[in-house]
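Written below as structure tokens is the structure these notes are about.
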Amino acid sequence: AMSEQWDVGRALALSGLFRLLQGAGRACAAPFLTLYLRHLGLPAPLVGVVAGAKHLAAALWAPLCSRCPKGRRKRRLLVASSLLGSAGASLLLTLIPPADGDAGYKYCNASQQLGDRGAAAATVPGPGTSSHVNAVTNAKAVSKEMVKTTTREPEMPAPYRPPLRGLKKETSGLGSAAIDLAGNAEESLYPTESNELSLFKTTLPTAGGSYESGNLSDHRKDAQGVSFEAVQNIFQDREHQIFLMVLGAVVLWELLATSLEWTVDENLYEYLDFVDATDRYGKLWIWSYLGASVGACSIAVFVDQLNCFLSSTITRLAVHFYGYALLITLSLLVSVFFPIHVPKRTDHVNKTAKALALLWSDGRAILYAITVFLTGAAGSAVQNFLFWQMQDRGSSELYMGLSVAVGLLAEILLYFFKGKLLRTFSSVKIVAVSLSLLAVQLLCYSFLWTAWSVLLVQILSAFSSGALWWVVNMTVDDIATPGMERSLHAVLQSLCYGGGASLGSFAGGFVVKHFGLAVLYRAWCVCLVLWLFLILIVQSKLPRQKKINYSRLLAADSSDMSDSDEENERDWLVKAMKDESFN
């Protein structure tokens, strides 16, 4: 018994350390990914596509990862290969050259830009200044040469390009576009007049003129030629080449990271289930949050001390991915000592389909499933573009890292009052407060006045994210059949991040481009308020009875029962059913 208890404690300690390193590594890179893509010169729509593909890949890959291979060696090999692969995939992003060489200087934080400009005016220029001056000189030279020869659309430093207006307008505006390297970065959050994403620019033949006399075959040949030329132009355009490279690296990175997290998580749960200690599994997420808080702040402080560029093509934001690779490599050393238990029986039932059927069978579960879908979509606007907005307000990376830490630490602190809050307030009230506070957060972000004010708004994440998931998980636990709790939780996580966050990211980039970030925030604020009223109306129409979790009753420890206790057990069950009916 003592050795078994020691093994459980050792497994939990190793898992806590592993989650601490994993959380720190994730927070070093993931929150800053869209900011890095901005420095590569990608516009908001393409950044939204990358973020949406990242969420979607994780949601679709997760159910496949749950089928862990048999054998201890195979599982250890899968963990090690996923660790090294995810570290390598993150480093691939640092090797991708920027689509616009001047975007890194333009979007460098305000204090760094002022420092560079001050050094440029001094007698003895600093190391960051010489690179900046050289970039300006080269840009001027390139612009003069391209004015004579180019017929392509100019490479603008802003993430939004003006539409194709003709060769004369292009060449006349090319020089000024290349010289103005440090323009107003705030314009990236507000749409320019009738901007169109160059991905969808295709020159089509007109219906009149000489085409009217042509036959149908000529039309088809011309259409095929134009289509092929359009596709060819897409792959030849530098911006789209960078986008495709980024998309491939990010999706690969997310697939490997998801495989790693699911394999380690499932292995630990199976081990704890084998030694009958799954009740100690539920608090391990705290270590991930603590690691993420420390990692986000630490890497931000370090990056703030660096110049805008580490080399001619690598921005200082690449350090975020170096930090991720380092921490992931350290977690590999911890994973070597993981105890691995391979269950003898394997369940081939499609638990995802069964979990969806259980959700569909309960009215409240359906409402909460839609709720997490909407909150995931609304939250994607904050995850993808809040740091853009902070950067345009002159924020340093320290405030960005602190904003991540404040939200996570607020959730941890509120967790210690979970039991009291759930006993004091009904589930509907907690959901209503959570949705209201998320709407308030979005509204505050749309009127963001200074960078530090984000820290105050992020405190609300404790309720808008943490408390909401308490109620959702408690509801699905009540409808779960034996062995289906984790599958139901996984389905809801996929609905939130794979469904809501991916769809919100895909659409959010285009909304930011054409209408502005403030409009995106306010639109989601209105949607959440409308859904709040709808959920309150529908909730009042649902039956007020609450199902007893019979799976928990059946899973109770029967060793404490005896024949003499049967009467007391029956009285307890009757009393519990009466209390549920009364509530």
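The values are calculated or read from the model by the stated rules, or taken from the named source; none is laboratory data. If you're wondering where the values come from, they're calculated on a predicted model, not measured in any experiment. Please note: Cβ atoms are built from the backbone with ideal geometry, for glycine as well, and neighbour counts cover all protein chains shown. Surface accessibility is based on the protein's heavy atoms, side chains included, excluding ligands, DNA and RNA. Shrake-Rupley method; radii C 1.70, N 1.55, O 1.52, S 1.80 Å.
Observations, loosely collected:
- Which listed residue is at pLDDT 75 or above, closer than 18 Å to LEU310 by Cα and open to solvent by less than 60 Å² (accessible area, probe 1.4 Å), from LEU78, LEU83, LEU93: LEU93
- Filtered by the rule that a residue be part of a helix (DSSP H, G or I), more than 20 Å from the chain's Cα centre (by Cα) and polar (S, T, N, Q), segment 36-95 gives a lone residue, SER81.
- Given (1) part of a loop (DSSP other than H, G, I, E, B); (2) without any contact (Cβ under 8 Å) to a residue 40 or more places away in the chain, number of the condition PRO339 does not satisfy: (2)
- Considering only residues in segment 258-310 that are touching a His at 6+ places or on another chain (Cβ under 7 Å) and open to solvent by 30 Å² or more (accessible area, probe 1.4 Å), the one that is farthest from LEU327 (Cα to Cα) turns out to be PHE274.
- All of LEU536, LEU495, LEU542 fail the test of being at negative phi, out of contact with any His (no Cβ under 8 Å at 6 or more places or on another chain), crowded, with 20+ Cβ neighbours inside 10 Å and not small (Gly, Ala, Ser), apart from LEU495.
- Among the residues listed as LEU442, LEU435, the single one being touching a residue at least 60 places away in the same chain (Cβ under 8 Å), open to solvent by less than 40 Å² (accessible area, probe 1.4 Å), more than 26 Å from ARG26 (Cα to Cα) and in a helix (DSSP H, G or I): LEU435
Yes/no per residue for (1) farther than 20 Å from VAL511 by Cβ; (2) among the aliphatic types (A, V, I, L, M); (3) out of contact with any Lys or Arg (no Cβ under 8 Å at 6 or more places or on another chain):
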| position | (1), (2), (3) |
| --- | --- |
| GLY376 | no, no, yes |
| ASN384 | no, no, yes |
| ALA410 | yes, yes, yes |
| TYR415 | yes, no, yes |
| LEU448 | no, yes, no |
| VAL454 | yes, yes, yes |
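- Being of a type outside the set (Asp, Glu), open to solvent by 10 Å² or more (accessible area, probe 1.4 Å), within 22 Å of LEU409 (Cα to Cα) and modelled with pLDDT of 90 or more holds for only one residue in LEU455, LEU468, and it is LEU455.
- Within segment 340-357, at least one residue is in contact with a Pro (Cβ under 9 Å, 6 or more places away or on another chain), of a type in the set (Lys, Arg) and either surrounded by fewer than 21 Cβ atoms within 10 Å (Cβ to Cβ) or at pLDDT 85 or above (or both).
- Contacts under 7 angstrom Cβ, first residue in segment 521-532 being more than 14 Å from GLY508 (Cβ to Cβ) and in contact (Cβ under 8 Å) with a residue 12 or more places away in the chain, partner open to solvent by 50 Å² or more (accessible area, probe 1.4 Å) and polar (S, T, N, Q), 6 or more apart: none
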